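Structure, as structure tokens:
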Amino acid sequence: MSVEDVGGDTPAPPPGGVLWSISGDIRAVLMLPAAFTLQVAHRAVGAGVDQHSVFRTDPWGRGERSLRSLQLWVYGGEEAVREGRRLRGLHRTVRGTDSRGRPYHALTAANYAWVHATGFPVYRHAARYLIRPLTEAQERALYGEWLRVGRVLGIRDRDMPQTIEEFWPYFRRVLAEDIERNAVVEDLIATDRPVPPPDRGPLPLRLLLRAAWPVLLPPLARFRRFVTIGLMPPEAREAIGLEWTDAQERRLRRLCAVVRRVVPALPERLRYLPYARRARAARREAVRGAPVRRRPGAPTRSR
């Protein structure tokens, strides 16, 4: 294993940065299925999830924990470091044999780094549809901030490409050598798998969803498949073997055009996820409470 522990001085993504803006926006929730599917398409990662994860039996709990973890990486401060340690401890016993008969361990650097690496191309690609295309400077900033998150997770610099120029050859190599359409991918894009109704949230809502679930599940499953495949980078779709038509691309663009108009008009309590809302509020409070710095040599005001 070559994942290491980190200290409290690991630099977090900067407030107001590209990642700070994207990952707390509710539109990021639409990006996550594509990232997770790309992660598990890796032969070793998919085997680990297939053999050790509860995503089939507890999909809502698994999703809630994953979203909470991701928010902590970006907005959690010292809690992000503790979350990184918790994740490494959780994965220490995840080992077995993959679909090619090769032994794997979740904390092997190549496997652990791939899980993290997928976030950058998915964020970059999905932002074009749901938010706006990133400029070259924003792409570089996003990648640098994603590397910071990797350090919080215990990924060493030598195990991740350190520049965008190094990232894309690495990305294409993994797509060519280690990506497959495995059983976990099939489950994540299926429209006919049984999924239990949500078990989180207020009791009246849960009871209502439970009653309506036979009617709601089929269109929700089709929508999940649609955004999972549509918001995945095209080269990743091709590597996995996921079909995507011109008609589907047009539908996705129409949907995302509506999302781009509606979400920015929402109040902050609806537009941002909980950790992001709290972080944004804390940052505003810190800015308001910061002492005004007097320029050297500027006169003081007399009373």
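The values are calculated or read from the model by the stated rules, or taken from the named source; none is laboratory data. A quick note: this is a predicted structure, and the numbers were derived from the prediction, not measured. Positions of Cβ are generated from backbone atoms using ideal geometry, with glycine treated the same way; all protein chains shown enter the neighbour counts. Ligands, DNA and RNA are excluded from the accessible area calculation, which covers all protein heavy atoms including side chains. Shrake-Rupley method; radii C 1.70, N 1.55, O 1.52, S 1.80 Å.
Working out 0.36 nm times the residue gap between Arg86 and Thr163, then minus their Cα-Cα distance, what length gain in nm do you get to one decimal? Mind showing how you got there, number by number?
On the way: separation 77, 0.36 × 77 = 27.72 nm, distance 2.77 nm.
Answer, rounded to one decimal: 25.0 nm.
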Counting only protein heavy atoms with a 1.4 Å probe and every protein chain in place, the carbon and sulfur fraction of the accessible surface of the chain in whole percent equals 56 percent
What fraction of the Cα pairs in segment 44-115, stated in percent, has a spacing above 15 angstrom?
60 percent
Using the Cα centre of the chain as the reference point, and only Cβ charges (+1 on K/R, -1 on D/E), how large is the resulting charge dipole? Debye, rounded to the nearest 20.
1620 debye
For segment 84-189, what Kirkwood radius comes out of the mean inverse Cα-Cα distance, in Å?
15.4 Å
Roughly how far apart, in whole Å, are the Cα centres of segment 256-279 and segment 142-189?
27 Å
Multiply the residue gap between Val29 and Glu186 by 0.36 nm, knock off their C-alpha separation, and tell me the result in nm, one decimal place.
54.5 nm
Full extension between Arg100 and Glu238 adds, at 0.36 nm per residue less the Cα distance, a length in nm of 47.6 nm
Check: segment 114-156 dipole with +1 on Lys, Arg Cβ and -1 on Asp, Glu Cβ, in debye:
80 debye
Compute, for segment 107-224, the length of the dipole vector about the Cα centre, with Cβ point charges of +1 (Lys, Arg) and -1 (Asp, Glu) only. Units Debye, rounded to 20.
460 debye
Rounded to whole Hz and in sequence order, give me ³J(HN,Hα) for segment 237-249 from the Karplus expression 6.51 cos²θ - 1.76 cosθ + 1.60, θ = phi - 60°, writing x for Gly and Pro.
3, 5, 5, 6, x, 9, 6, 8, 9, 4, 5, 5, 4
When 1/r is averaged over all different Cα pairs and the result inverted, which Kirkwood radius in Å belongs to segment 134-173?
10.6 Å
Per residue of segment 187-203, in order, report the coupling 6.51 cos²θ - 1.76 cosθ + 1.60 (Karplus, θ = phi - 60°) as ³J(HN,Hα) in whole Hz, putting x for Gly and Pro.
5, 6, 10, 6, 10, 10, 8, x, 10, x, x, x, 10, 10, x, x, 4
Please report, to one decimal in angstroms, the Kirkwood hydrodynamic radius of segment 109-259 built from all distinct Cα-Cα pairs.
17.8 Å
Once label points are set 7 Å from the Cα along Cα→Cβ at both Val54 and Arg210, what is their separation, rounded to one decimal in nm?
1.8 nm
At 222 nm, what value in deg cm²/dmol follows for the chain if DSSP H runs of at least 4 each add -39500 (n - 2.57) and the sum is divided by all its residues, to the nearest 500?
-20000 deg cm²/dmol
